[in-house]
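Trainee: Attaching a single structure in C-alpha cells format; questions to follow.
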Amino acid sequence: MNEVSDPELLTFSAQVLEKNGALVEQRSDHLLALLPLPLAHLLELPEEVKLGGDELPLLYGSPVLDRLIHLATREVPIVYGQVEVPYLKKAGFEQLIGQHLSFLDGQVHIVSRAEARTSYMVLVCHYVALSDERKEGLVQLGVHEASGAPIPDLKERLSEFRLQFFGPGKVPPHFPVHLEQVFSHALSNARAGIETELSDFLSSMRRRLRRDVRNTREYYEALKTEMEDSLENPNLTDGQRRERGAKIQELPRELTRKIADLEHKYQVQVTITGCGAIRFLVSVVHIMIEIKYRKFQRTAQVTWNPITKRLDPLVCERCQGTIRSAYPREKNSQILLLCPSCSAKS
Ligand SMILES: [Zn+2]
C-alpha cells in the first residue's frame, strides 16, 4: 500500500474500466489496464496504462479518478416505484387557493376536481466546487415530472410514506418518456440550492481574494517607494537611473496582472451532475380552475399533493421558473400565467 492509491478506489476503478471493455489486472497497490481505443481517448490515457502509481494516482481529486467517476455516473441510474397514500383531500380547496397559490390581478374559481395519478422524481445531484480549494457534496431535489416544478420538502416528506418499488420489466407505462427537460430544469434548480450550501465556501474565497489583493497592493506600494528612494543614490549612472525609472513605470501594469492572476485563482467553478433518481407514481387531486383577467378567461390545472399536503407550485409560462404567486397577463387574447419578473416585462 502506498500513498497514491486506496484499495477501495482501486477496486472501483477496475470495475468501471472492465464494465467499459478494458482488460484489468489489479495488483495490491496499482492497476495494469489495457483500454479499448475509444475508452483511452475518453479518459485521456494511453491504451496500455498503469494506474494508481506516482504518475497517475487514484485518489480523491486526482484527474483520472474524476474522469472515471464521470464515466460511471454518465447515465443516471433510475429506480421506479409508487406511493400508496392513505387519504386524499376531498374538499376545502377554495381556501388553499390564496394560501398556497395566488393569482394576482385575476379572479379564480374552481370548476371541478378529480383524482388522478401523476409522477414525481427525486433527483440526487453531486456537486464539486473548485477554486483554490475543493468542496463537494450531494443535494436532493423533488420535481413534478409533468410540469417540471420543483417541490420543496418532497424528499423529506416522502420518508413518512411506504415506497413500493417496481422490479425490472414491471414498470408501468405511466411515466413520461422524455425527461431531458425535467432533468435540465431540476439541475438548474439544484444550482440555486447548491449556491446556498456553498455560501460559506464562496464567502471564504471572496475574503481570501480581498486579503491577497490588499497584500499585493501593499507590497507594490512599498516596492515603488523603495525604488524611488534608490533613485536618489548619487552613485547611479544615467543608464541605471533610466533603467530603474522604466521599472517603476512598469509597476502598475505588473500589479494589474498579479491581481488578475489572483482573481483567476479564487474563481469558483461549480460542476453539477445528476447521479441517481427515484421516480414514483402517486394519486393526487387535480383541480381545474377558471381564471378571469380583464375580459379574458382560461382554465388551468393545479395539483393537490398528498405527500406535502399542499398545492404544488406552478411554473411560469414564459421562463419556466417556479411560482406560488402567478400574474395573469394577456397575450394575443390569451391569458398567460407569469412570474413577477416576466409579468413586469410584458
Ligand atoms: Zn417567468
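Trainee: Considering amide H positions built from the backbone, and no H for Pro or chain starts, which residues 5 or more places from I323, or on another chain, come under 5 Å of its amide H?
Mentor: L314, V315, C316
Trainee: While we're looking at this one, here's another question. Can you return the lysines within cross-link range of K170? Criterion is Cα-Cα under 30 Å, with same-chain partners fewer than 8 residues away left out.
Mentor: Result set, ordered by chain and number: K19, K89, K155, K309.
Trainee: Roughly how many Å² is the accessible area per residue of the range 7-72, as a whole number, for a 1.4 Å probe?
Mentor: Here the residues of the range 7-72 average 58 Å² of exposed surface.
Trainee: Is the C-alpha gyration tensor of the chain telling us rounded, prolate or oblate? Criteria: a/c under 1.5 is rounded; beyond that, a/b larger than b/c is prolate, otherwise oblate.
Mentor: oblate
Trainee: How much of the accessible area of the range 228-293, in percent, comes from carbon and sulfur atoms when a 1.4 Å probe is used?
Mentor: 47 percent
Trainee: Could you order M121, M227, M288 so the one with the most accessible surface comes first? Probe is 1.4 Å.
Mentor: Listed by decreasing accessible area, they come as M288, M227, M121.
Trainee: Quick query: amide H of G81 versus all other amide H atoms, modeled in the peptide plane; which residues come in under 5 Å with a sequence gap of 5 or more or a different chain?
Mentor: When sequence neighbours closer than 5 places are left aside, the close amide H contacts are F166, R279, F280, L281.
Trainee: FRET efficiency for D153 and H178, Cβ-Cβ distance as r, R0 = 35 Å, nearest 0.05?
Mentor: It comes to 0.85.
Trainee: Then there's this: Can you sort K170, K89, K224 by solvent-accessible area, 1.4 Å probe, largest first?
Mentor: The ranking, largest first, comes out as K170, K224, K89.
Trainee: Oh, and also: Want the number for A344 to R294: 0.36 nm per residue separation, take away the alpha-carbon distance, what's left?
Mentor: 16.3 nm
Trainee: Then there's this: Which net charge results for the neighbourhood of L251, defined as the other residues with beta-carbon distances under 12 angstrom from its beta-carbon, given Lys and Arg at +1 and Asp and Glu at -1?
Mentor: With Lys, Arg at +1 and Asp, Glu at -1, the net is +2.
Trainee: Right, another one. Note the full-extension length gain between L34 and E221 as 0.36 nm times their separation in residues minus their Cα-Cα distance, in nm to one decimal.
Mentor: 61.7 nm
Trainee: Report the label-to-label distance for E160 and S333 in nanometres (one decimal), using points 7 Å from each Cα along the Cα→Cβ vector.
Mentor: It is 4.7 nm.
Trainee: Right, next: Out of the total accessible area of the range 102-151 (probe 1.4 Å, heavy atoms of protein only), what percent is carbon and sulfur?
Mentor: Of the solvent-accessible surface of the range 102-151, carbon and sulfur hold 48 percent.
Trainee: Then there is this: In whole Hz, what ³J(HN,Hα) sequence does the range 86-91 give by Karplus (6.51, -1.76, 1.60; θ = phi - 60°), x for Gly and Pro?
Mentor: x, 8, 10, 4, 10, 8
Trainee: Where is the GNM fluctuation largest for the chain (alpha-carbon springs, 10 angstrom cutoff): N20, N233, N305?
Mentor: It is N233.
Trainee: With +1 on each Lys and Arg Cβ and -1 on each Asp and Glu Cβ, and nothing else charged, work out how big the dipole of the chain is about its Cα centre, in Debye to the nearest 20.
Mentor: That gives a dipole near 2120 debye.
Trainee: Now a separate question. Give me the percent of accessible area attributable to carbon and sulfur for the range 7-72, probe 1.4 angstrom.
Mentor: In the range 7-72, the share of accessible area belonging to carbon and sulfur is 55 percent.
Trainee: Pick from V128, V16, V302 the residue whose mean-square fluctuation is largest in a GNM of the chain, springs joining Cα atoms under 10 Å.
Mentor: V16
Trainee: Which aspartates and glutamates, on any chain, are close to K258 with Cα under 17 Å apart, when same-chain ones fewer than 8 places away are left out?
Mentor: Answer for K258, where 17 Å is the Cα cut-off: D132, D212, E218, E221, E250, listed by chain and number.
Trainee: For a quick check, take a GNM of the chain with Cα springs below 10 Å and name the residue from V285, V171, V79 with the largest mean-square fluctuation.
Mentor: Comparing V285, V171, V79 in a Gaussian network model of the chain, the most mobile one is V171.
Trainee: Take every Cα-Cα distance within the range 7-72, group them into 10 Å bins from 0 onward, and report for each bin the whole-number percent of pairs it holds.
Mentor: 24, 65, 11
Trainee: Oh, and also: How high is the FRET efficiency from T256 to E47, r the C-beta distance, R0 41 Å, rounded to 0.05?
Mentor: 0.35
Trainee: Now, a different point. Using protein chains only and a probe of 1.4 angstrom, how many square angstrom of E218 are accessible, to the nearest 10?
Mentor: 100 Å²
Trainee: A further question follows. Return the equivalent ellipsoid semi-axes of the range 48-119 as a descending list in whole Å, where each equals the square root of 5 times an eigenvalue of the C-alpha gyration tensor.
Mentor: The equivalent ellipsoid of the range 48-119 has semi-axes of 55, 18, 10 Å.
Trainee: So, R0 is 45 Å and r is the distance between the beta-carbons of H70 and A116; what FRET efficiency does that work out to, to 0.05?
Mentor: After rounding, the FRET efficiency stands at 0.70.
Trainee: Suppose the chain between E263 and L88 were pulled fully straight at 0.36 nm per residue; how much longer would it get relative to their current alpha carbon spacing?
Mentor: This chain segment gains 57.5 nm when fully extended.
The values are calculated or read from the model by the stated rules, or taken from the named source; none is laboratory data. Since we're looking at a predicted model, the values are computed, not measured. All Cβ positions, glycine included, derive from the backbone under ideal geometry; neighbour counts span all protein chains shown. Only protein heavy atoms, including side chains, enter the accessible area calculation; ligands, DNA and RNA are left aside. Shrake-Rupley method; radii C 1.70, N 1.55, O 1.52, S 1.80 Å.
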